[in-house]
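Structure record follows, encoded as structure tokens.
The values are calculated or read from the model by the stated rules, or taken from the named source; none is laboratory data. In this text, all values refer to a predicted model and were calculated from it rather than measured experimentally. Don't worry about glycine lacking a Cβ; one is built from the backbone with ideal geometry, like all the others, and counts go over all protein chains shown. In case anyone asks, the SASA skips ligands and DNA or RNA and just uses the protein heavy atoms, side chains included. Shrake-Rupley method; radii C 1.70, N 1.55, O 1.52, S 1.80 Å.
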Amino acid sequence: MEAVHLSAVASRHFSTPSFSHNRTLYSSSSSVKPNTLCSPWIGSTTPTTSFSTRNLFTNEIWSWVNSKSVTVRRDMRGVVRAEMFGQLTSGLEAAWSKLKGEEVLTKENIVEPMRDIRRALLEADVSLPVVRRFVQAVTDQAVGVGLIRGVRPDQQLVKIVHDELVKLMGGEVCELVFSKSGPTVILLAGLQGVGKTTVCAKLANYLKKQGKSCMLVAGDVYRPAAIDQLSILGKQVDVPVYTAGTDVKPSEIAKQGLADAKKKKIDVVIVDTAGRLQIDKTMMDELKEVKQALNPTEVLLVVDAMTGQEAAALVTTFNLEIGITGAILTKLDGDSRGGAALSVKEVSGKPIKLVGRGERMEDLEPFYPDRMAGRILGMGDVLSFVEKAQEVMQQEDAEELQKKIMSAKFDFNDFLKQTRAVAKMGSVSRVIGMIPGMGKATPAQIREAEKNLKVMEAMIEAMTPEEREKPELLAESPVRRKRVAQGSGKTEQQVSQLVAQLFQMRVRMKNLMGVMQGGSIPTLSNLEEALKTEEKVPPGTARRKKRSESRKQFVESARPAPRGFGSKN
Ligand SMILES: Nc1nc2c(ncn2[C@@H]2O[C@H](COP(=O)(O)OP(=O)(O)OP(=O)(O)O)[C@@H](O)[C@H]2O)c(=O)[nH]1
């Protein structure tokens, strides 16, 4: 596939903010030098890309879902760099690249790629026996696969590795089990600081969304602050918390809590337990006692993804000692290597049921082995993105927006709505992580981007409803721009830049939407083509042409000098 640096294209054409810079969507080696990129968002007041990219993807995703197209994977596989497990992804890419120019996979030509795969997995902190088995399974299949017309050997290997990764992580999503009669009891165990207490509340929040009533039981009697923490979190997610202080035995608290839940006809009881710095006999005995008292439907061990293969070892030990039904992997958002996600099932035999991907109450999701494999191979997490997008954006909204984009009527109200939708989906970094090919953004760049979103919101809020609907009014009136600047406490130049940006975006988004009407993520060549046509003046009457020229002049005059990352100053 043709190697194109979309980062450069995007940066130029999307007015790409923070996250364009380090990203090389198509991973050809000679990367674009950062200082050749222009990034108006960083260090300026015109953050348009998260916004336009989000629209781009949201709309793309709707089309994709509607058409049931699965071309995303075929297009992206093996050529897009993921932001999440960067090193593992590039290690695997090194393996594919060794097969360039080969016609068929053979015992000889896969030796080098398999060595790369082995190294990449070990560096990702996957346990050695798992790596050995994995490499063997991939090798066996690769040699036997033979020639498939139209499929290159490197693509074949990507497919085999993908399928094996999915298998390694358990294959299917492993759903929580619910009791058929009486409350479902979920007992949470884990070492100190792994996120157990937070998970209790997140889990309640997650189950509430599925229409289940929940109760939390504060069984960590050794750390009084844990009881307070659970009570606060319970309030936050609006779920009752059963507490009995620190003088009662955990198994007794658990029994009382369960009895209370039964009385109140609660669907799910989630029991928090005490953690320890490391496994000790007292903790295990206590857990056994609580388990016996409750006869729980699920016993889930909470483990920290950042501990790598150690997490897998813990799951094994807890399973042998007390018998568990699965694991919850927290702090996946901070895990750059992926070893825990890859090792837990294979090492312990127990599935990862849920993953925590942030500190907010919404940041708990089912664990999808195929999506995780997609992330590792650099395909992003399109499906998670779809789900999040669906949560915050109605289909009608998306269609309405699409119409507006196509008729270049996209206004500041849409702008604000979309920006807020991004905020609802989580932090900017999280949204970026879910979009295939969106590369790493440094924390500083993300902070800057988020700050800029706020600046922008302030300016839009200072506009009159009419101005928000008709940005032309602002484009044509310095007096109005001055008023908005004064009303928002920003400079006139900042307001001018924002208005200019909206006009630029109208054209860009229209062009981009145009290429995506087919229902699949655009290939680079047609995306680039669309971007090239961006500067062309749309056909119209002489009057409209004149207007658009004056607007174009305005846009040019308001265009900010490149600042921040990628600029010279
Ligand atoms: N980034 C990130 N932080 C998390 C996640 N889950 C939990 N945390 C944070 O991890 C820290 C510890 O979480 P707690 O819930 O107090 O951990 P705990 O296991 O209950 O700790 P003990 O009560 O001491 O056993 C808190 O600051 C949480 O906000 C996650 O998925 N991602």
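Below is a table of values for the structure above.
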quantity	calculated
Accessible surface of the range 184-378 [probe 1.4 Å, protein heavy atoms]: carbon and sulfur percent	49 percent
Mean accessible surface per residue for the range 249-311, computed with a 1.4 Å probe while every protein chain stays in place, in Å²	46 Å²
Amide H partners (placed H, <5 Å) of VAL302, local residues excluded	ALA189, GLY190, ILE328
Scattering curve values for the range 184-378, log₁₀ I(q)/I(0), Debye with Cα scatterers, q = 0.12, 0.13, 0.15, 0.18 Å⁻¹	-0.53, -0.62, -0.84, -1.21
Filter on LYS208/LYS409; LYS255/LYS331; LYS196/LYS454; LYS100/LYS159; LYS235/LYS350 - keep pairs with C-alpha separation over 27 Å	LYS208/LYS409; LYS255/LYS331; LYS196/LYS454; LYS235/LYS350
Protein-only accessible surface order, largest first, of GLU175, GLU93, GLU469, GLU362 at 1.4 Å	GLU175, GLU469, GLU362, GLU93
Rounded accessible area per residue of the range 85-169, 1.4 Å, Å²	48 Å²
Solvent exposure, largest accessible area first (probe 1.4 Å, DNA, RNA and ligands not counted), of PHE412, PHE178	PHE178, PHE412
GLU466, GLU164, GLU359, GLU346, reordered so the largest accessible area comes first (probe 1.4 Å)	GLU359, GLU466, GLU346, GLU164
Estimated vicinal HN-Hα couplings, Hz - the range 109-123 in sequence order (Karplus 6.51, -1.76, 1.60; Gly, Pro = x)	6, 9, 4, 5, x, 5, 5, 4, 5, 4, 4, 4, 5, 5, 5
Label point distance in nm, GLU359-ASP260, each placed 7 Å from Cα along Cα→Cβ	2.8 nm
Built amide H within the under 5 Å cut-off of VAL241, gap 5+	LEU216
Burial order of peptide ranges 190-198, 265-273 (average beta-carbon count within 10 Å, highest first)	265-273, 190-198
Residues whose placed amide H lies under 5 Å from that of THR184, excluding near-sequence neighbours	SER179, VAL268, VAL269
Inverse mean reciprocal Cα-Cα distance (Kirkwood Rh) of the range 85-169, Å	12.8 Å
Karplus-derived HN-Hα couplings along the range 477-492 (A = 6.51, B = -1.76, C = 1.60, θ = phi - 60°), whole Hz, x at Gly and Pro	10, x, 5, 5, 4, 5, 4, 5, 4, 5, x, 9, x, 10, 8, 4
The range 85-169, accessible surface, carbon-and-sulfur percent (1.4 angstrom probe)	53 percent
